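**Q** Okay, handing you the structure first.
Laboratory data are not the source of any read-out in this text; all were calculated from the coordinates shown. What you see is a predicted model; the values in this text were computed from it and never measured. Because the Cβ atoms are built from the backbone with ideal geometry, glycine has one as well, and the counts that use them run over all protein chains shown.
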Amino acid sequence: MNLLPAADVKGRRIIAFAWQTTAVFAVTAILTAISPTSFLRVVALTVALLLFAIGMIVFFVAYLRAIARSRYEVISVAGVYLMIGGVAPASVRRSLYGALAAQIVIALATASVRPYTSLAFGVLVPLLGLALCGLWSAACGEFPRRADPPAVAPPARETDDKEPG
């Protein structure tokens with residue numbers, strides 16, 4: 001089973017990044033759950049917090065890109081972050097949802113095996129998977145065009161800034 005969609009799909013690097021970060025998270029979290037040495041706990045904590053921080057940045061970038069596109073296209077939050085409404089091809093949705101699901105399963109499984117340890121921070125990592133869904137949609141998704149796109153510049157308003165005479 002190929003986790004990545006066909007080579008001609010737009011946004012392939014975003015999808016590849018989702019799986020690469022999921023693999024890094026899986027390796028560090030699973031190794032720490034199996035052998036919780038202090039070094040591995042620090043590594044797992046660092047990876048989880050780094051992926052969470054990247055997720056916050058990516059989430060914000062996706063939001064800004066969606067706002068920019070919303071002037072000319074009908075964009076919804078569910079369309080951007082959940083890729084519903086024909087925004088993404090099925091292969092893209094399967095791949096990005098797969099990475100997100102893997103992050104959730106790994107986070108919950110490893111945190112439940114070693115509760116009250118640094119592995120508990122792994123539950124923050126799925127934000128990255130959701131953010132990458134949003135980034136793909138905001139950058140490559142297909143949204144319907146607005147029927148009435150806004151004017152290039154708003155009309156000038158009359159003001160009462162005249163000096164009293």
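**Q** Be a star and scan region 56-90 for residues whose amide nitrogen sits under 14 Å from the point 7 Å along the Cα-to-Cβ vector of V9.
**A** From region 56-90, the list is 83, 87-90.
**Q** Length gain on complete extension for the stretch S38 to V77, per 0.36 nm per residue less the alpha carbon to alpha carbon distance?
**A** 10.0 nm
**Q** Return the FRET efficiency for the residue pair V113, M56: r is the Cβ-Cβ distance, R0 is 30 Å, and the value is rounded to the nearest 0.05.
**A** Working from the Cβ atoms, E equals 0.70.
**Q** If Lys and Arg each add +1 and Asp and Glu each add -1, what is the summed charge of the other residues whose beta carbon sits under 13 Å from the beta carbon of R65? Mind showing how you got there, number by number?
**A** Working: positive: R69, R71; negative: E73.
Charge balance near R65 sits at +1.
**Q** For region 46-130, which trypsin sites (Lys or Arg not before Pro) are both in a DSSP coil and crowded by at most 10 other Cβ atoms within 10 Å?
**A** Qualifying residues, ordered by number: R71.
**Q** Right, here's the next one. Hey, fewest Cβ within 10 Å first, where do T28, T37 land in order?
**A** On the way: T28 23, T37 10.
Result, fewest neighbours first: T37, T28.
**Q** How far is helix 126-140 tilted off the main Cα axis of the chain, in degrees rounded to 10, range 0 to 90?
**A** 40
**Q** Separate question: Relative contact order for the chain: what is it in percent, counting Cα pairs under 8 Å that are at least 6 residues apart?
**A** 36
**Q** How many percent of the alpha carbon pairs in region 12-139 exceed a separation of 17 Å?
**A** Here the long-distance tail beyond 17 Å is 55 percent of all Cα pairs in region 12-139.
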